[in-house]
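Report on the following structure.
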Ligand code: C2E
Ligand code: MG
Ligand code: MG
Ligand code: MG
């Protein structure tokens with residue numbers, strides 16, 4: 001871990017800081033090359049109806065398998081992709097790949113299936129973002145009404161005027177918008193109401209707390225109420241056990257996503273999971 005040493009009001013570069021920067025630069029090169037070589041891929045985690053257990057869509061999640069076979073989690077390489085600007089090309093690829101997978105799922109008979117795609121802050125703010133989105137839709141033939149973009153709560157709260165306009169443009173393509181990790185930021189409720197958002201995703205932290213005290217479930221409860229009052233769809237993230245799923249359902253949350261239902265799955269595994277899901281429900 002890098003530490004800054006403060007002496008007489010100056011920050012000094014310590015050796016470990018130099019190392020950390022070197023590591024970061026190395027990782028940036030590895031990521032750029034890895035992306036070119038096709039080391040990035042998407043996995044898909046089902047989003048399930050809590051009343052019937054049936055999947056109504058999936059979230060695309062990015063993975064990086066490096067040359068030596070190790071798997072780097074997105075929380076580690078996405079910040080580097082953002083920092084280096086690589087996220088623009090990677091993000092455009094993610095959009096196209098997830099849309100292409102949606103088209104394949106539709107061809108396999110899952111006609112009402114939704115595909116949720118994470119969008120990074122840097123990507124979202126890029127002047128060409130809308131063009132990249134349209135291009136992914138056009139090139140793959142993915143129907144916009146089955147595509148959803150996930151933006152984080154902090155992204156949704158920045159520069160209201162610019163954002164309202166951009167969200168309006170996105171909505172005009174037919175693509176819908178979800179706010180990811182909801183409850184972790186500090187959204188203004190009046191601002192939220194102005195945004196043309198379709199769905200809130202309750203952050204995993206609040207789902208974890210739900211089986212504890214009455215107090216523990218209060219944030220999840222509030223988000224569900226808020227979503228319902230605003231006429232929004234709601235997904236609970238990180239549902240890991242039956243009790244959480246039951247309580248969420250009782251609180252009026254329609255959808256859940258988490259290890260209880262399925263891990264993020266490779267395309268073939270998703271198809272197999274969906275076939276079993278259809279047989280079960
Ligand atoms: P997120 O969008 O909030 O995604 C949910 C994360 O929770 C995923 O982690 C998922 O694997 C994990 N998860 C799902 N169910 C459970 C559960 O029951 N328990 C626990 N403990 N975790 C669960 P993952 O795949 O490591 O992704 C981490 C974050 O990286 C994502 O958080 C998202 O912010 C970002 N990310 C992933 N893919 C992309 C992408 O294609 N583009 C961008 N910009 N960001 C991405
Ligand atoms: Mg997400
Ligand atoms: Mg999330
Ligand atoms: Mg997250």
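Just so you know, all these numbers are worked out from the coordinates, no wet-lab data involved. Because the structure is a prediction, the values reported are computed rather than measured.
Tell me the mean residue ellipticity at 222 nm calculated for the chain from its helices only (DSSP H runs of n ≥ 4, each -39500 (n - 2.57), averaged over every residue, nearest 500).
Per the formula, -14500 deg cm²/dmol.
Specify the angular offset, from 0 to 90 degrees and rounded to the nearest 10, of the alpha carbon long axis of helix 74-84 from the longest principal axis of the alpha carbons in the chain.
Around 50 degrees separate the two axes.
Any chance you could tell me what percent of the C-alpha pair distances in the range 47-88 go past 13 Å?
Every Cα pair in the range 47-88 considered, those over 13 Å come to 67 percent.
What percent do you get for the relative contact order of the range 185-266 when only Cα pairs under 8 Å and 6+ apart count?
29
Go from 0 up to the bin containing the longest alpha carbon distance in the range 1-130, width 5 Å each, and give me the % of pairs per bin.
2, 9, 15, 16, 15, 13, 11, 7, 5, 3, 2, 1, 0, 0
As I understand it, the value is the acute angle between the Cα axis of helix 160-173 and the longest principal axis of the Cα atoms of the chain; what does it come to in degrees, rounded to 10?
The helix 160-173 is inclined about 50 degrees to the chain.
To two decimal places, what compactness ratio does the range 96-200 give when its Cα radius of gyration is scaled by 2.2 N^0.38 Å?
1.08
Using Cα pairs closer than 8 Å and at least 6 residues apart in sequence, work out the relative contact order for the chain, in percent.
That works out to 18 percent.
Considering the chain as a Gaussian network with a 10 Å cut-off on Cα pairs, which listed residue, 107, 220, 236, attains the greatest mean-square fluctuation?
Greatest mean-square fluctuation among the candidates belongs to 107.
Shape of the range 163-272 from its Cα gyration tensor (a ≥ b ≥ c, root eigenvalues): rounded if a/c is under 1.5, otherwise prolate when a/b > b/c, or oblate?
It comes out oblate by the Cα gyration axes.
Build a GNM of the chain with springs between Cα atoms under 10 Å: which of 97, 237, 20 gets the top mean-square fluctuation?
20
Taking N as the number of residues in the range 24-79, what is its alpha-carbon radius of gyration divided by 2.2 N^0.38 Å?
In units of the 2.2 N^0.38 Å rule of thumb, it is 1.48.
Just to be sure I understand: with springs between alpha-carbon atoms less than 10 Å apart, which residue in 164, 48, 119 has the highest mean-square fluctuation in the Gaussian network model of the chain?
Looking only at 164, 48, 119, the largest GNM fluctuation is found for 164.
Round to the nearest 10 and give me the degree value, 0 to 90, for the angle of helix 87-107's Cα axis relative to the longest principal axis of the chain.
20
Can you tell me the relative contact order of the range 71-165? Whole percent, Cα pairs under 8 Å, sequence separation 6 or more.
Computed value for the range 71-165: 31 percent relative contact order.
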